[in-house]
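Asker: Let me give you the structure first, and then I'll get to my questions.
The values are calculated or read from the model by the stated rules, or taken from the named source; none is laboratory data. Note that the structure is predicted; figures quoted are calculated from it, not measured. Cβ sites come from the backbone with ideal geometry, for glycine too, and all protein chains shown count toward neighbours. Side chains included, ligands, DNA and RNA excluded: accessible areas come from the protein's heavy atoms. Shrake-Rupley method; radii C 1.70, N 1.55, O 1.52, S 1.80 Å.
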Amino acid sequence: MTDHRTPLDSVLETVGETPLVRVQAAPDEVPVYAKLETFNPGASVKDRIGKYMVEQMLERGELEPGGTVIEPTAGNTGIGFAIAAQQLGVDAVFVVPERFSVEKQQLMSALGAEVINTPTDEGMGGAIDRAHELAAELDDAVVPQQFGNPLNVEAHYETTGPEIFEALDGEVGAVVAGCGTAGTLMGIAKYALEQDEDTYVAAVEPEGSLYSETKGEDAEEADYKIEGIGTHDPDTNELFEPDLVDEILQVPDRRAHDELKRLASEEGHLVASSSGAASAAARHVAEQIRDGEGDAPHDTVVTVFADSSERYLSKGIYRSFEEWEG
Ligand SMILES: Cc1ncc(COP(=O)(O)O)c(C=O)c1O
C-alpha cells in the first residue's frame, strides 16, 4: 500500500505498509490494534511473502528469469505468489488440497497460474510432496516451500514488524497472531523481541490444532473450520520456534465465527475466520494485561487480520455457525 500521490508501474509496489486500526471492542486501558493485511492487492498477508520470496530467489539466482515456481498452498500464498510471479516474469503452479475455498483457486487461475488439486485427506503434507514431484519433472522449477523457507519469516521481520513499531512509536506490549506456517508471527516476534526482550508473544491456533504440543502441552486433535491457521502435524511447520512464544492460545471455531461476524456488523471489518480467532485471542490478552494477570512492557496489543471474508462467501461464512462449512 502506498499513498495516492505517486503513480506506480506495478501493483506489486502496493504490497505492504498496511493500516493499523484499533479494535474498538477491546479495553480502552489496553488497546488492541489490528494490521489490516486485506489492504494488500491480493487481499491477504501472503502477498508479502509472495513478493519478497520471488524477488529474493531471482536476486540470489535460486530462480531463473522465466523459470517456474511450484508451491503447496491453501490459496492465499498462491494468490500472493501469482501476482509476484506474473509481474516478475515467472510461471506459477499451485498445489491445493481440495477442501480449500474455490474463490481462492479461481483467483489464482485468473492471475495466470495453474492450479493442481490433491485429496483433502492427504492434508497439506500431500500437497507438499506433490509439489516436489512436479518440480522434479521440470528443469527450471523451484518449490519456495513456505513451510520451511526462512525467507517467509524474513519477509515479516523486514516489513510487517518494523511497520508496526513505526506506527506505535515502539510502544508494543504484546504480539498476538495466528499461525499457519508461523512465518508471520515468527517474523514480527523476532523484530519485536530485538526492540524489547520483554514483549509478550502469543500464538493463536484453532481448537483441535496441535501447535500447543510443541510447548509440551497435551492437545486433543480434532477437525476445525477455521482456515489458514493451525496444524495437524507440527513437524510440517519447521518455522515455528516455541521458545519465542510465551503462550499458545486455542480458539474454538464458534468463538472465531462469532467474532468475525461481530467485526463486520459492529466495526466494519470484512475479515475471515483466522482474523476472528486472532481478534478474540488479542482481546483476551488485553483483558489479562488490564486485570494485572499478564505481563507486558506497554499496555498495547497488536494482532493481524490476515485475509478477507469475501473469499469464503460460498462456504456460508456469514450464515449460522451450523451452516458455515469452514
Ligand atoms: C487466512 C490466513 N490466516 C493466517 C495465516 C497464517 O499465516 P502464516 O502462514 O504466516 O502463519 C494464513 C496463512 O496461510 C492464512 O491464509
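Asker: Scan the stretch 292-316 and report the pairs whose first residue is charged (D, E, K, R) and whose second residue is more than 16 Å from the ligand (Cβ to nearest atom) and not in a loop (DSSP other than H, G, I, E, B), with Cβ atoms within less than 7 Å and a gap of 6+ or a chain change.
Answerer: 295/200; 299/289
Asker: Anything in the stretch 139-150 that is hydrophobic (A, V, I, L, M, F, W, C) and either without any contact (Cβ under 8 Å) to a residue 40 or more places away in the chain or within 12 Å of the ligand (Cβ to nearest atom) (or both)? List them, or say none.
Answerer: Just the residues of the stretch 139-150 that are hydrophobic (A, V, I, L, M, F, W, C), to begin with: 141-143, 147.
Result: 147, single match.
Asker: Within the stretch 253-270, identify whether any single residue is more than 16 Å from the ligand (Cβ to nearest atom), in contact with a strand residue (DSSP E or B) (Cβ under 6 Å, 6 or more places away or on another chain), touching a residue at least 24 places away in the same chain (Cβ under 8 Å) and part of a helix (DSSP H, G or I), and answer yes or no.
Answerer: No, every residue in the stretch 253-270 fails to be more than 16 Å from the ligand (Cβ to nearest atom), in contact with a strand residue (DSSP E or B) (Cβ under 6 Å, 6 or more places away or on another chain), touching a residue at least 24 places away in the same chain (Cβ under 8 Å) and part of a helix (DSSP H, G or I).
Asker: Only residues in the stretch 21-44 that are within 12 Å of the ligand (Cβ to nearest atom) and β-branched (Val, Ile, Thr) count as the first member; pair them with residues that are open to solvent by 10 Å² or more (accessible area, probe 1.4 Å) and not in a loop (DSSP other than H, G, I, E, B), Cβ under 8 angstrom, at least 6 apart or cross-chain, and list the lot.
Answerer: 38/308
Asker: Also: With the requirement that a residue be free of Cβ contacts under 8 Å to residues at least 60 places away in the same chain and surrounded by fewer than 18 Cβ atoms within 10 Å (Cβ to Cβ), what does the stretch 116-131 give you?
Answerer: 116, 117, 119, 120, 121, 122, 126, 129
Asker: Sticking with this one: Does residue 128 satisfy being over 20 Å from residue 209 (Cβ atoms), outside the structural domain of residue 184 (by TED's automatic domain parsing) and aliphatic (A, V, I, L, M)? Walk me through how you get there before you give the answer.
Answerer: Details: over 20 Å from residue 209 (Cβ atoms): no; outside the structural domain of residue 184 (by TED's automatic domain parsing): yes; aliphatic (A, V, I, L, M): yes.
Judged against the criteria, residue 128 is not a match.
Asker: So which residues in the stretch 302-314 are away from the ligand (no atom under 12 Å from the Cβ) and open to solvent by less than 20 Å² (accessible area, probe 1.4 Å), if there are any at all?
Answerer: Selection gives 302 alone.
Residue by residue, here is whether (1) buried (at least 23 other Cβ atoms within 10 Å of the Cβ); (2) assigned to a loop (DSSP other than H, G, I, E, B) holds:
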position	(1), (2)
156	yes, no
159	no, no
169	no, yes
185	yes, no
189	yes, no
192	yes, no
223	no, yes
231	yes, yes
239	no, yes
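Asker: Test of understanding: among 185, 168, which residue is modelled with pLDDT of 95 or more and away from the ligand (no atom under 16 Å from the Cβ)?
Answerer: The conditions single out 168.
Asker: Across the stretch 271-301, which residue is farthest from the ligand (Cβ to nearest atom) among those that are of a type in the set (S, T, N, Q) and part of a helix (DSSP H, G or I)? Before the answer, list the steps.
Answerer: Our first condition is that a residue be of a type in the set (S, T, N, Q); within the stretch 271-301, this holds for 273-275, 279, 288, 300.
Restricting the remaining residues to those that are part of a helix (DSSP H, G or I) gives 273-275, 279, 288.
Numbers: 273: 7, 274: 3, 275: 7, 279: 12, 288: 22 Å.
Out of the qualifying residues, it is 288.
Asker: Can you tell me which condition residue 205 does not meet? The list is (1) within 14 Å of the ligand (Cβ to nearest atom); (2) in a helix (DSSP H, G or I); (3) in contact with a strand residue (DSSP E or B) (Cβ under 9 Å, 6 or more places away or on another chain), and all the others hold.
Answerer: Result: residue 205 fails condition (2) only.
Asker: Within the stretch 243-252, can you find the residues that are touching a strand residue (DSSP E or B) at 6+ places or on another chain (Cβ under 8 Å) and either of a type outside the set (A, V, I, L, M) or part of a loop (DSSP other than H, G, I, E, B) (or both)?
Answerer: Across the stretch 243-252, the qualifying residues are 245, 246, 247, 250, 252.
Asker: Output the number of the condition that residue 75 fails; it satisfies all remaining conditions of (1) of a type in the set (Gly, Ala, Ser); (2) in contact (Cβ under 8 Å) with a residue 60 or more places away in the chain; (3) out of contact with any strand residue (DSSP E or B) (no Cβ under 7 Å at 6 or more places or on another chain).
Answerer: Condition not satisfied by residue 75: (3).
Asker: Follow-up question, since we're still on this one. Does the stretch 170-228 hold any residues that are under 16 Å from residue 33 (Cβ atoms) and among the charged types (D, E, K, R), and which are they?
Answerer: Within the stretch 170-228, just 171 meets the criteria.
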